[in-house]
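Peer 1: Quick one: the structure is below, questions incoming.
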Amino acid sequence: MPHRNDARPVKVQIRGATKNYTTGNTQFTAVQSVDLNVYDGEFLALVGPSGCGKSTLLNLIAGFEKPDAGEILFEGKQVTGPGPDRLVLFQEHGLFPWLNVRQNVEFGLRVRGLTKPERRESADQYVKMVHLQKFSKSYPFQLSGGMKQRAAIARALAVEPTMLLMDEPFSALDPRTRDILHLELQELWMATKKTIVFVTHSVEEAVRLADRIVILGSQPGRIRKILTVPLTHPRNFLDPALIELRSTILKELEDELDKLVKKEGDDDWHLEEKSIGSRTSGNVAVDMGDGI
Amino acid sequence: MFGGEDSVGFPSPWSVIESFREGLFDGSFFSALAASLLRVGYGFGLALLIGVTLGLIIFSSRFGQWLLGPLVLGVQSLPSICWMPFAILWFGLNEKAILFIVLMGSVGSICIATRDGLTQVPNMYRRVAGTFGASKWQSLWWVFVPSAMPVFASGLKQGWSFAWRSLLAGELIKHVVGVGSQLDESRNNFEYPKMFATMFLIVIASVIVDKLVFGQFEKYVRSKWGN
């Protein structure tokens, strides 16, 4: 059931956002005049090569950064700083090492001023939701990467945000764990219908999870294309349509790879094989078969 | 064997052990040690209060960073006993002068440990606090302070050893009831076995406090913080 985006209320409005960074004497433009609407309840993925400004865009919505030009509106109001209505999940989970799982999940509730029994009840519920009850008294260093990320998800959900901003949350995990978390996140999203903006460099991840995929290009960071994924949830990750979509996007990004190669290497470096999209698509079934 | 013509011979190990036993049984070692520990505890407590406050000011204000930071580093590089002449001028040759050098000896490392601990808080934790909407004070107490603990604990241990050294140096100069003074007095009174026994007493006390109090605290922090 593809969503009719225009019918849904707009959650986030990005209007002509530009963000520059200066390192030493050189200035570079991370994102340049980006216009984008995020609709209420949608799962939006931002994909692109490194340096395309996808994380910058997320940080702008989060309020960690301010645009040099343009504006970011959240529910019609200008974003002035970070807040629990636009909760961010980080690649490195960001759990506090001195708190156990339950105490970590309670953090946002403590900030809100909930009493201890209230916090505890709510935390237990969310710890259960991510299947970590057995580990609610464990400290982060005692958990695996996937468990940490699940605990971080529970901590985020506990404050009941209407929107989640996820900054490559699964990219540090092994493929198997990632598959499990994809399934879990899909379930969570279907159950809660939160608005999710998901930054990833993995096209596969994007086609598995997202309703709409924003493909970004680099130098300077800008939107190249927005694709609607015409597949319903829950998705079968082995669906040939997903694999098809994946290689379409990879083809779209092919010249971006060449740009990246030029930026990060010598000028005379060319990619010999110009068909990375179609070449890797043959391996997808093997990759995904691993985790299922 | 080691000394010049007017030196006295080394006391035998047995006489040192005997003197140590005597000191333990008549309670004189305990009362001297208790007095010294109380004194250093007082001075160290004062250093903790001032050092943490200064560290917070340096961390949180531009003024602190530009002026106080280098000042504290400068003071820290001066051996604390070098404050003794100043302390005597200011307070007179009394216990206050000793407390002052204990304070000057340890306040720098506590202050620097506080500042370093706070500045080394990963950006990630600041952002987590921000995204959950934590206020300035909530962030300070629930994120910055615990996150700074491992660095702070090492600094605390270092501050303690500076405080203890300063105290002993101070007690050598101004005689009071205490192990440092007992060391110098036994030399004055030609009680050489007692002098050596006192040195052992100081070593044992240092090791015990260092390992049991500060070592355990550091270990606890490190184990709980997961490294």
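We did not get these values from a lab; they are worked out from the coordinates using the rules stated. Please read these numbers as outputs of a predicted model, since none were measured by experiment. Reconstructed Cβ throughout: ideal geometry from the backbone, glycine too, with neighbour counts over all protein chains shown.
Peer 1: So for the stretch B:15-225, what are the equivalent ellipsoid semi-axes in whole Å, largest first, each being the square root of 5 times an eigenvalue of the Cα gyration tensor? Intermediate values should be presented prior to the final figure.
Peer 2: Working: eigenvalues 299, 84, 24 Å².
After scaling each eigenvalue by five and taking roots: 39, 20, 11 Å.
Peer 1: Shifting gears a bit: Sort the following peptides by mean Cβ neighbour count (other Cβ atoms within 10 Å, averaged over residues), highest first: A:247-254, A:57-64, A:133-140, A:110-117.
Peer 2: Numbers: A:247-254: 18.6, A:57-64: 23.4, A:133-140: 15.5, A:110-117: 13.1.
Highest to lowest by the protection proxy: A:57-64, A:247-254, A:133-140, A:110-117.
Peer 1: Which part of the stretch A:135-157 falls in the paramagnetic zone of residue A:112, meaning amide N under 16 Å from the point 7 Å along Cα-to-beta-carbon?
Peer 2: In the stretch A:135-157, the label zone of residue A:112 (backbone N under 16 Å from the point 7 Å along Cα→Cβ) covers A:153-157.
Peer 1: Over the whole of A:84-92, what's the average partner chain Cβ count within 10 Å per residue? Rounded to a whole number, please.
Peer 2: Averaged over the peptide's residues, the number is 3.
Peer 1: Something else about it: Please check: in the Gaussian network model of chain A (C-alpha springs, under 10 Å), which one of A:205, A:118, A:106 has the largest mean-square fluctuation.
Peer 2: Sorting by GNM fluctuation, first place goes to A:118.
Peer 1: Please compute, for the alpha-carbon atoms of chain A, the extent along each of the three principal axes and give them in descending order in Å.
Peer 2: Rounded to whole Å, the extents work out to 62, 45, 43 Å.
Peer 1: Work out the count of Lys pairs in chain B where the Cα-Cα distance is under 13 Å, with the pair 8 or more places apart or on different chains.
Peer 2: Numbers: B:96/B:174; B:157/B:211; B:157/B:219; B:211/B:219.
Qualifying lysine pairs in chain B: 4.
Peer 1: What size of dipole, in debye to the nearest 20, comes out for the protein assembly as shown about its Cα centre when the only charges are +1 on Lys and Arg C-beta atoms and -1 on Asp and Glu C-beta atoms? If you can, show how the numbers build up before the last one.
Peer 2: Numbers: 55 positive and 52 negative charges, 299 e Å.
Value, rounded to 20: 1440 debye.
Peer 1: Okay, next question. Could you tell me the calculated FRET efficiency between residue B:18 and residue B:211, based on Cβ-Cβ distance and R0 = 30 angstrom, to the nearest 0.05?
Peer 2: Values: r = 27 Å, r/R0 = 0.91.
Efficiency for this residue pair is about 0.65.
Peer 1: Can you give the charge dipole size of chain B about its Cα centre, rounded to the nearest 20 debye, using +1 on the beta carbon of Lys and Arg and -1 on the beta carbon of Asp and Glu? Before the final figure, lay out each step's value.
Peer 2: Numbers: 17 positive and 13 negative charges, 294 e Å.
Once rounded to the nearest 20, the dipole reads 1420 debye.
Peer 1: Going Cα to Cα from residue A:11, which aspartates and glutamates come in below 13 Å? Please leave out same-chain ones fewer than 8 positions away.
Peer 2: Output for residue A:11: A:40, A:42, A:75, A:85.
Peer 1: Please get the size of the charge dipole for the stretch A:123-198, origin at its Cα centre, with Cβ charges of +1 on Lys and Arg and -1 on Asp and Glu, quoted in debye to the nearest 20. Write out the running numbers ahead of the final one.
Peer 2: Numbers: 10 positive and 8 negative charges, 48 e Å.
It works out to roughly 220 debye.
Peer 1: What distance in nm separates the two pseudo spin-label positions at residue A:238 and residue A:77, each 7 Å out from Cα along the beta-carbon direction?
Peer 2: In this crude spin-label approximation the distance works out to 4.8 nm.
Peer 1: Still on this structure: Using C-alpha positions alone, give me the convex hull volume of the protein assembly as shown per residue in cubic angstrom.
Peer 2: Details: hull volume 126.0 nm³, N = 519.
Output value, Cα hull per residue: 243 Å³.
Peer 1: Starting from the Cα of residue B:66, step 7 Å along the direction of its Cβ; do the same at residue A:176; then give the gap between the two resulting points in nm.
Peer 2: 5.8 nm
Peer 1: If packing is taken as the mean number of other Cβ atoms within 10 Å per residue, what is the order of A:147-156, A:39-48, highest first?
Peer 2: Numbers: A:147-156: 25.0, A:39-48: 23.0.
So the order, starting with the most tightly packed, is A:147-156, A:39-48.
Peer 1: When only Cα pairs under 8 Å and 6 or more residues apart are kept, what is the percent relative contact order across the stretch A:94-160? Please list the in-between numbers first.
Peer 2: Details: 81 pairs, mean separation 33.3, N = 67.
For the stretch A:94-160, the relative contact order is 50 percent.
Peer 1: What helices does chain B hold that run 27 Å or longer along their axis, going by alpha-carbon atoms, with a Kyte-Doolittle average of 0.0 or more, using DSSP H for the helix calls?
Peer 2: On the way: long enough: B:28-60 (47 Å, 1.79); B:95-119 (36 Å, 1.16); B:145-173 (41 Å, 0.62).
Once both thresholds are applied, what remains is B:28-60, B:95-119, B:145-173.
Peer 1: May I ask you to derive the relative contact order of chain A, considering only C-alpha pairs under 8 Å and at least 6 residues apart, and to give it as an integer percent? All intermediate terms of the calculation are to be shown ahead of the outcome.
Peer 2: On the way: 531 pairs, mean separation 68.0, N = 292.
Relative contact order of chain A: 23 percent.
Peer 1: At a 10 angstrom cut-off on C-beta neighbours, averaged per residue, how do the peptides B:25-34, B:180-189 rank from highest to lowest?
Peer 2: On the way: B:25-34: 14.9, B:180-189: 18.5.
Taking the mean over residues of other Cβ atoms within 10 Å, the ranking is B:180-189, B:25-34.
Peer 1: How many angstrom lie between the Cα centre of the stretch B:179-219 and the Cα centre of the stretch A:157-225?
Peer 2: Cα centroid of the stretch B:179-219 versus Cα centroid of the stretch A:157-225: 62 Å apart.
Peer 1: Now, a different point. Of A:108, A:146, A:159, which is farthest towards the positive pole of the stretch A:94-160's charge dipole, taken about the Cα centre with +1 and -1 on the beta-carbons of Lys, Arg and Asp, Glu respectively?
Peer 2: A:146
Peer 1: Determine the shielding of peptide B:115-128 by partner chains: average, over its residues, the number of Cβ atoms on other chains within 10 angstrom of each Cβ.
Peer 2: On the way: counts 0, 0, 0, 0, 0, 0, 0, 2, 1, 6, 4, 3, 8, 15.
Average neighbour count from other chains, rounded to a whole number: 3.
Peer 1: Residue B:49 versus residue B:177, label points 7 Å from Cα toward the beta carbon: distance in nm?
Peer 2: Between residue B:49 and residue B:177, the label points sit 2.3 nm apart.
Peer 1: Let me know the mean shielding of A:138-148 by other chains, meaning the per-residue number of their Cβ atoms within 10 Å of its Cβ. Walk me through the numbers on the way to the answer.
Peer 2: Details: counts 0, 4, 2, 5, 1, 0, 0, 0, 0, 0, 0.
Per residue, the number of nearby Cβ atoms from other chains is 1 on average.
Peer 1: For the stretch A:132-176, what is one quarter of the convex hull surface built on the Cα atoms, given in nm²?
Peer 2: Orientation-averaged projected area of the Cα hull: 3.9 nm².
Peer 1: Give, to the nearest whole percent, the P(r) tail of the stretch A:94-231 beyond 18 angstrom, counting all Cα pairs. Before the final figure, lay out each step's value.
Peer 2: Numbers: 5501 of 9453 pairs.
Roughly 58 percent, rounded to a whole number.
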